[in-house]
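Enquirer: The structure follows.
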Amino acid sequence: MSVIVAIRKENKIVMAADTLTTFGDSEVMPQENARTPKVGRIGDSLIGGAGWAVYDDILNDFLATRPTPDLSSSRKIFTFFLEFWKALHEHYTFVNDQASQACSPFGDLDSTFLIANSGGIFTVASDLGVTPLNRYYAIGSGGEYAIGVLYTLYERTDDIAELASDAVKAAIAMNLQCGGSVDVLQLTV
């Protein structure tokens with residue numbers, strides 16, 4: 001699993017994540033033997049995903065076949081993920097069309113995404129719902145711990161890179177599904 005944090009303050013945006021590599025319930029040991037980057041760039045956006053790691057490979061393959069998408073608004077992000085969903089069913093047929101609840105009318109990516117750029121911070125839920133956020137957010141198995149740190153320290157510091165790193169470190173310390181080192185990416189908008 002993962003923890004991914006995004007923070008926006010003034011003209012700066014930071015995204016941070018852990019680097020733990022697991023295969024089911026098995027953790028790759030020692031951690032220096034496998035380091036999984038969970039945050040990256042798509043054009044003018046930072047993006048991270050929590051859930052099945054294969055989505056990183058699928059998303060990179062999907063993006064290699066098209067122009068860089070504009071992910072600067074909820075609508076544009078939703079449209080992009082609709083195209084991605086369609087491609088999952090047409091070109092990546094090994095992905096199951098599943099719902100986390102049998103009574104849900106929606107499909108389920110079984111992963112969530114966090115996007116940050118000049119338009120804001122956005123979460124993409126496993127049902128493709130897009131939610132805009134103004135200041136910060138965290139996703140993944142250690143997300144609640146990270147959000148607690150962000151809530152407590154956001155107003156106290158302008159060093160959001162350090163804040164993001166501290167939030168990920170708290171998740172690593174408190175959640176068994178988070179681990180490794182901390183990657184931090186920054187944007188100035």
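Enquirer: Report the charge-dipole magnitude of the range 67-189 in Debye, nearest 20, computed about the Cα centre from +1 at each Lys and Arg Cβ and -1 at each Asp and Glu Cβ. Don't jump to the answer; show the numbers that get you there.
Expert: Values: 6 positive and 14 negative charges, 34 e Å.
Magnitude of the dipole: close to 160 debye.
Enquirer: Please find, in a Gaussian network model of the chain (springs between Cα atoms separated by less than 10 Å), the residue of 150, 63, 20 whose mean-square fluctuation is greatest.
Expert: 63
Enquirer: Right, another one. Quickly estimate the mean residue ellipticity at 222 nm for the chain, helices only: each DSSP H run with n ≥ 4 gives -39500 (n - 2.57), and the total goes over all residues, rounded to 500. Don't skip to the end; give the middle numbers.
Expert: Values: 4 runs with 53 residues, N = 189.
Result for the chain, helices only: -9000 deg cm²/dmol.
Enquirer: Return the lysines within reach of residue 86: Cα separation strictly under 18 angstrom, same-chain partners fewer than 8 residues apart disregarded; answer none if there are no such residues.
Expert: In chain and number order, the partners are 76.
Enquirer: Just to check I understand the Karplus step: with θ = phi - 60° and J = 6.51 cos²θ - 1.76 cosθ + 1.60, what whole-Hz values come out for the range 43-56, glycine and proline as x?
Expert: So the Karplus estimates, Gly and Pro as x, are x, 8, 10, 9, 9, x, x, 10, x, 5, 5, 4, 4, 4 Hz.
Enquirer: If you don't mind, another one. Label-point separation (nm) for residue 106 and residue 174, each offset 7 Å from Cα along Cα-to-Cβ?
Expert: It works out to 2.6 nm between the two label points.
Enquirer: From the residues 2, 67, 128, which one has its Cα farthest along the dipole of the chain in the positive direction, the dipole being from +1 and -1 charges on Cβ of Lys/Arg and Asp/Glu about the Cα centre?
Expert: The one lying farthest along the dipole's positive direction is 67.
Enquirer: For the range 1-88, just run the numbers: alpha carbon Rg, then divide by 2.2 N^0.38 Å, N being how many residues it has. Please list the in-between numbers first.
Expert: Details: Rg = 14.7 Å, N = 88, 2.2 N^0.38 = 12.1 Å.
Output field value: 1.21.
Enquirer: Which residue fluctuates most in the GNM of the chain (Cα springs below 10 Å): 21, 36, 93?
Expert: Among 21, 36, 93, the largest mean-square fluctuation in the Gaussian network model of the chain belongs to 93.
Enquirer: Turning to a different aspect of this structure: With θ set to phi - 60°, apply the Karplus curve 6.51 cos²θ - 1.76 cosθ + 1.60 along the range 152-160 and write out the HN-Hα couplings as whole Hz, x wherever there is a Gly or Pro.
Expert: With coefficients 6.51, -1.76 and 1.60, one gets 6, 10, 4, 6, 8, 9, 9, 8, 6 Hz.
Enquirer: Still on this model: With r defined as the distance between the Cβ atoms of residue 32 and residue 86 and R0 fixed at 35 Å, what FRET efficiency is calculated, to the nearest 0.05?
Expert: Result of the calculation: an efficiency of 0.35.
Enquirer: With the chain treated as a Gaussian network of Cα nodes joined by springs under 10 Å, which of 92, 145, 55 yields the largest mean-square fluctuation?
Expert: 92
Enquirer: Taking the alpha-carbon centroid of each part, what is the distance from the range 1-60 to the range 132-189 in angstrom?
Expert: Taking the Cα centre of each part, the range 1-60 and the range 132-189 sit 12 Å apart.
Enquirer: Where Rh is the Kirkwood radius over the Cα pairs of the range 110-159, the temperature 25 °C and the viscosity 0.890 mPa s, what D in µm²/s does Stokes-Einstein return?
Expert: Working: Rh = 11.8 Å.
Reported coefficient: 208 µm²/s.
Enquirer: Now, a different point. Where Lys and Arg each count +1 and Asp and Glu each count -1, what net charge lies around residue 51 among other residues with Cβ under 11 Å from its Cβ? Don't skip to the answer; put the middle values down first.
Expert: Working: positive: 38; negative: 56, 108, 110.
Computed value for this residue: -2.
Values quoted throughout were computed directly from the atomic coordinates according to the rules given, and no laboratory measurement underlies them. As the structure is a prediction and not an experimental result, all values here were calculated from the model. Please note: Cβ atoms are built from the backbone with ideal geometry, for glycine as well, and neighbour counts cover all protein chains shown.
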